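The values are calculated or read from the model by the stated rules, or taken from the named source; none is laboratory data. Just so we're clear, the structure is a prediction, and the values are computed from it rather than from any experiment. So basically every Cβ, Gly included, is an ideal-geometry build from the backbone, and we count neighbours across all protein chains shown. Note: accessible area is taken over every heavy atom of the protein model, side chains too, but ligands, DNA and RNA are not part of it. Shrake-Rupley method; radii C 1.70, N 1.55, O 1.52, S 1.80 Å.
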Amino acid sequence: MFEQERDRLVRNLCKEGYIKTKLVKQAFLTVPREEFIPDFLKNYSYVDTPLDIGNGQTISAPHMVAIMCEALDIKKGQRILEIGTGSGYHAAIVSQLVRETGRIYTIERFESLAIKAKQNLQTINCSNVIVEVGDGSCGLPLHQPYDRIYVTCAAPSIPQPLIDQLRDPGKLLVPVGDMYCELTLLEKEKQKHTVHHLGGCVFVPLVGRYGH
Ligand code: SAM
């Protein structure tokens with residue numbers, strides 16, 4: 001039912017330069033965003049905008065998910081940590097990128113959102129995403145090191161535990177600031193850190209020990 005709308009959205013994301021690679025394009029064509037959207041908003045599933053998912057939180061706009069996936073250069077088989085599960089949609093896209101041999105650990109501070117995200121992921125048979133409840137600003141030490149870490153909410157600065165839990169070499173992507181923030185990529189290689197600023201964005205705040 002939503003296939004044509006999904007195709008059109010993906011075509012636009014490619015045309016606008018947000019989707020750059022075949023793998024990311026295929027992931028967006030494969031994951032049904034409507035399964036991650038509350039019933040009363042389903043008709044807006046393929047509008048390129050954030051949407052309400054309850055608890056004052058949002059599912060990110062598709063173009064933002066695309067920007068983050070492309071910036072992280074995610075590879076098959078990698079171990080990923082996501083801070084801020086929300087609806088589970090972004091994790092489902094990343095699941096397509098790491099394939100069956102990869103794994104995504106995602107942590108959400110609201111239990112009700114984590115439960116719903118698990119259900120959403122089950123509905124689309126996504127089995128390599130593990131959803132945890134807790135304060136993701138401290139990372140998830142149990143499964144470190146991670147090849148890639150990304151935060152889907154705005155942090156006051158890059159949380160040190162996330163830098164510590166990143167593999168060398170590895171990439172960490174964090175929106176830094178208040179609601180209006182700068183998408184910031186930290187690359188770790190041979191014990192050196194290089195920071196790149198990728199542009200302005202808007203996110204809900206990271207709330208927690210290393211958050212707001
Ligand atoms: N990636 C999500 C998706 O595809 O639906 C959207 C995430 S939403 C923009 C940001 C999420 O981060 C919210 O669900 C919020 O509750 C969560 N969050 C905020 N602070 C957090 C923290 N310290 N630990 C874990 N999750 C947190």
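Among the residues examined, THR85 does not qualify as more than 16 Å from the ligand (Cβ to nearest atom) and either under 24 Å from PRO175 (Cα atoms) or among the polar types (S, T, N, Q) (or both). The sole residue among LYS190, LYS171, LYS118 that is among the charged types (D, E, K, R) and at positive phi is LYS190. Using the structure shown, decide if CYS138 is near the ligand (Cβ under 9 Å from one of its atoms), more than 15 Å from the chain's Cα centre (by Cα) and over 13 Å from ILE104 (Cβ atoms). Criteria met by CYS138.
For the range 141-169, which positions are over 16 Å from the mean Cα position of the chain (by Cα) and among the small types (Gly, Ala, Ser)? Selection gives SER157 alone.
Hey, does the range 40-52 have a residue that's under 15 Å from CYS69 (Cα atoms), surrounded by fewer than 20 Cβ atoms within 10 Å (Cβ to Cβ) and modelled with pLDDT of 95 or more? For the range 40-52, residues under 15 Å from CYS69 (Cα atoms), surrounded by fewer than 20 Cβ atoms within 10 Å (Cβ to Cβ) and modelled with pLDDT of 95 or more: absent. Annotation note: of LEU13, LEU23, the sole residue that is surrounded by fewer than 21 Cβ atoms within 10 Å (Cβ to Cβ) and more than 11 Å from the ligand (Cβ to nearest atom) is LEU23. With respect to the conditions (1) away from the ligand (no atom under 16 Å from the Cβ); (2) aliphatic (A, V, I, L, M); (3) under 12 Å from ALA155 (Cβ atoms), VAL195 lacks only one, and its number is (3). On inspection, THR194 qualifies as of a type outside the set (Gly, Ala, Ser), free of Cβ contacts under 8 Å to residues at least 12 places away in the same chain and open to solvent by 10 Å² or more (accessible area, probe 1.4 Å).
Of the residues making up the range 115-128, those that are open to solvent by less than 20 Å² (accessible area, probe 1.4 Å), more than 9 Å from the ligand (Cβ to nearest atom) and among the aliphatic types (A, V, I, L, M) number 1. Each residue in the range 90-113 was checked for being near the ligand (Cβ under 10 Å from one of its atoms), crowded, with 20+ Cβ neighbours inside 10 Å and not acidic (Asp, Glu), and 9 pass.
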